[in-house]
């Protein structure tokens with residue numbers, strides 16, 4: 001039998017999964033845990049992405065994890081302080097804050113709140129109670145047969161949040177999920193699983209932010225399953241400004257019903273290797289989806305954004321804009337897919353990816369894809385890669401502006417339309433401050 005890709009990781013995980021099952025006690029016989037077992041079986045049979053895997057062609061995450069992460073590492077008690085947690089929060093963001101440390105929910109660092117029509121529990125609590133919400137939705141959008149990291153996450157799903165918004169309920173402030181890793185002494189390794197269910201004509205904004213405190217290498221594997229009912233409005237923010245030794249993968253899987261609206265904002269600013277997968281299915285007529293992404297990279301940071309938008313029904317609209325700035329020896333990857341099915345007449349689907357390379361050592365690989373089976377549609381896709389306009393740079397310098405400041409002005413102008421799409425001022429200010437500080441140094 002041929003050795004599977006990532007075999008050393010699989011070997012280390014075998015004992016971990018056995019211990020995990022034992023810790024569940026009676027829950028190990030539940031339908032929810034059967035999904036976990038099926039996922040781990042698929043992982044053992046298929047292995048992790050191989051170097052020739054088309055979906056991971058430019059991001060050899062398996063090799064990077066085998067080289068840098070010790071999956072035998074035992075979990076330790078975190079030593080992060082309340083002050084450190086406050087330091088990673090977005091300044092001036094008025095939100096309902098939930099904090100997770102090394103994947104575990106931290107009640108003492110989270111806000112205490114109760115809102116009519118909103119139900120929030122930890123994934124651990126929800127699975128312990130075998131709630132119908134988890135049983136009905138867990139694993140239905142994130143396909144562990146198609147992606148090894150979804151399989152890994154599903155198999156070890158225990159940490160994260162289960163959020164349910166009732167019909168016609170409007171949540172007045174964002175729900176902010178802060179995932180903080182303690183890398184001060186040992187390598188933190190954990191999976192997070194969020195299930196977000198938004199009822200008919202409801203409105204909610206959910207924000208995820210990932211940070212590592214300390215110099216040790218870390219690995220986080222996040223999966224979100226988001227279900228948006230008829231006429232509901234949902235916004236999702238993913239902010240990844242992690243430590244330089246962080247390996248991070250995220251899968252966000254969205255199912256939209258008739259006339260629903262969804263906006264995804266993906267912000268990647270730091271880390272050793274980051275992979276963001278965004279998969280949106282427009283399952284009902286009249287859906288609208290917006291995808292905004294920005295990645296501003298330096299050093300040897302590697303960020304890979306993969307998006308898929310699947311138009312299944314008529315009269316739907318999607319718009320995607322991703323922009324990247326690569327400095328030093330950083331590397332960006334973008335792969336955007338749009339599918340327009342035969343029944344999806346009157347579809348409007350647009351996709352754009354634009355990149356600026358600041359040095360000769362920075363690279364980007366971009367691949368927009370568009371597959372159409374309908375004949376009455378308006379669709380476009382495209383990508384551009386270039387360098388700063390030297391004439392504009394000279395023009396600003398000729399008027400007494402330093403080269404560093406002039407460069408920052410031009411790059412800010414390049415990124416401004418994505419930043420404006422973020423809408424929440426505190427998030428806009430946070431991203432702008434990081435970008436400006438980085439570009440002016």
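What to note about this one:
- Against the criterion of being in the same structural domain as residue 104 (by TED's automatic domain parsing) and over 30 Å from residue 184 (Cα atoms), residue 231 qualifies.
- Qualifying residue in region 73-87 (condition: within 21 Å of the chain's Cα centre (by Cα) and assigned by TED's automatic domain parsing to the domain that holds residue 209): yes
- Meets criteria (within 30 Å of residue 410 (Cβ to Cβ) and in contact (Cβ under 8 Å) with a residue 60 or more places away in the chain) for residue 381: no
- The listed residues are 136, 168, 159, and the only one of them that is under 29 Å from residue 26 (Cα atoms), free of Cβ contacts under 8 Å to residues at least 60 places away in the same chain and in a loop (DSSP other than H, G, I, E, B) turns out to be 159.
- Residue 399 fulfils the conditions (1) farther than 20 Å from residue 298 by Cα; (2) surrounded by fewer than 20 Cβ atoms within 10 Å (Cβ to Cβ); (3) in contact with a helix residue (DSSP H, G or I) (Cβ under 8 Å, 6 or more places away or on another chain) except for a single criterion, (3).
- Selected residue (criterion: farthest from residue 407 (Cα to Cα)) from residues of region 314-330 that are surrounded by fewer than 21 Cβ atoms within 10 Å (Cβ to Cβ) and at pLDDT 95 or above: 314
- Some residue of region 204-227 being more than 25 Å from residue 60 (Cβ to Cβ) and out of contact with any strand residue (DSSP E or B) (no Cβ under 8 Å at 6 or more places or on another chain): no
- Total residues in region 73-84, condition outside any loop (DSSP other than H, G, I, E, B) and in contact with a strand residue (DSSP E or B) (Cβ under 6 Å, 6 or more places away or on another chain): 1
- Residue list for region 406-425, filter: surrounded by 15 or more Cβ atoms within 10 Å (Cβ to Cβ), in contact (Cβ under 8 Å) with a residue 24 or more places away in the chain and part of a helix (DSSP H, G or I): 407, 408, 411, 412, 414, 415, 418, 419, 421
The values are calculated or read from the model by the stated rules, or taken from the named source; none is laboratory data. This structure is a prediction, so every number in the text was calculated from the model and none was measured. Every residue, glycine among them, receives a Cβ derived from its backbone with ideal geometry; neighbour counts consider all protein chains shown.
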